[in-house]
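Below is one structure; the comments refer to it alone.
The values are calculated or read from the model by the stated rules, or taken from the named source; none is laboratory data. This one's a predicted model, so the numbers in the text were calculated from it and none came from an experiment. All Cβ positions, even for glycine, are placed from backbone atoms using ideal geometry, and neighbour counts span all protein chains on display.
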């Protein structure tokens with residue numbers, strides 16, 4: 001945490017990952033299985049990490065259309081829950097991270113909002129939602145956070161997934 005109360009990210013916020021880097025994250029962060037117990041353990045790890053950083057996050061884990069985990073930490077608001085739902089819908093529709101979807105549009109010189117033809121009140125290609133991919137099954141759900149700037153939201157989820165998979 002910095003002196004003015006801002007969250008100190010683990011990564012440098014000015015370094016934006018490329019489409020290739022984002023795609024590599026998705027290829028790397030794959031589960032052998034993903035159970036209700038895994039959702040609880042991953043969500044609990046994310047709450048622990050967020051509390052350590054005093055990050056005002058809403059954290060959500062969905063699998064096959066069912067919410068398996070949700071936490072709203074101090075400083076989060078109902079708006080964060082709305083962002084979680086909008087970002088999760090992008091993962092469900094495109095089968096990849098919400099930040100990757102937005103980055104692909106930006107690299108084409110446009111934005112998701114301008115070019116996707118989807119209702120921006122229901123879909124947000126902003127960082128913070130990442131697919132839960134299981135070997136042999138594909139994308140089965142999403143883990144999503146909201147509360148930080150979009151790149152920090154994305155990186156928080158990636159860091160939590162890396163730590164969770166490393167422990168397994």
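Tabulated results
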| quantity | calculated |
| --- | --- |
| Within the range 93-110, tally of residues that are without any contact (Cβ under 8 Å) to a residue 60 or more places away in the chain and in a helix (DSSP H, G or I) | 7 |
| Filter result (part of a helix (DSSP H, G or I) and within 13 Å of residue 140 (Cβ to Cβ)) within the range 16-41 | 36, 38, 39 |
| Qualifying residue in the range 64-84 (condition: surrounded by fewer than 16 Cβ atoms within 10 Å (Cβ to Cβ), modelled with pLDDT of 95 or more and closer than 18 Å to residue 23 by Cα) | no |
| Breaking point among (1) part of a loop (DSSP other than H, G, I, E, B); (2) without any contact (Cβ under 8 Å) to a residue 12 or more places away in the chain, for residue 166 | (1) |
| The range 114-144, residues that are exposed (fewer than 14 other Cβ atoms within 10 Å of the Cβ) and not in a loop (DSSP other than H, G, I, E, B) | 114, 115, 138 |
| Any hit, the range 145-158, residues being part of a strand (DSSP E or B) and under 21 Å from residue 29 (Cβ atoms) | yes |
| Checklist (1) surrounded by fewer than 21 Cβ atoms within 10 Å (Cβ to Cβ); (2) free of Cβ contacts under 8 Å to residues at least 40 places away in the same chain; (3) over 25 Å from residue 28 (Cβ atoms) applied to residue 54, failing item | (2) |
